[in-house]
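A.B. asks: Dumping the structure here so I can ask a few things about it.
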């Protein structure tokens, strides 16, 4: 079970990084606040990966945690009514 979760989370993590980066850039033209928040979140997650993976966490563990962070970010944006702006 853990192996499957790690494999899926690895692909999903990098896919979400690319998708959220693209979404943040496209949101800058229509809803600048949402775009800036999204780009800032992606920057924080990637920076956390760069800083934490070699020293504290193994890459598969961070991928799982990163996916959960992206899902939590989606939930927060949905609760605040900031999704579907563009």
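The values are calculated or read from the model by the stated rules, or taken from the named source; none is laboratory data. Only a predicted model underlies this, so the values are computations on that prediction, with no experimental measurement involved. Backbone-built Cβ (ideal geometry, glycine too); neighbour counts: all protein chains shown.
A.B. asks: Being closer than 20 Å to residue 79 by Cα and surrounded by 12 or more Cβ atoms within 10 Å (Cβ to Cβ) is the filter here; which residues of segment 20-38 pass it?
C.D. replies: Listed by number, the residues that qualify are 20, 23, 24, 27, 31, 34, 35, 36, 37, 38.
A.B. asks: Right, another one. Test residue 61 against the criterion of being surrounded by fewer than 17 Cβ atoms within 10 Å (Cβ to Cβ) and modelled with pLDDT under 95, and give yes or no.
C.D. replies: Judged against the criteria, residue 61 is a match.
Residue by residue, here is whether (1) farther than 13 Å from residue 66 by Cβ; (2) in contact with a helix residue (DSSP H, G or I) (Cβ under 7 Å, 6 or more places away or on another chain); (3) in a helix (DSSP H, G or I); (4) in contact (Cβ under 8 Å) with a residue 60 or more places away in the chain holds:
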residue: 5; (1), (2), (3), (4): no, yes, yes, no
residue: 9; (1), (2), (3), (4): no, yes, yes, no
residue: 12; (1), (2), (3), (4): no, yes, yes, no
residue: 17; (1), (2), (3), (4): no, yes, yes, no
residue: 21; (1), (2), (3), (4): yes, yes, yes, no
residue: 26; (1), (2), (3), (4): yes, no, yes, yes
residue: 34; (1), (2), (3), (4): yes, yes, yes, no
residue: 39; (1), (2), (3), (4): yes, yes, yes, no
residue: 44; (1), (2), (3), (4): no, no, yes, no
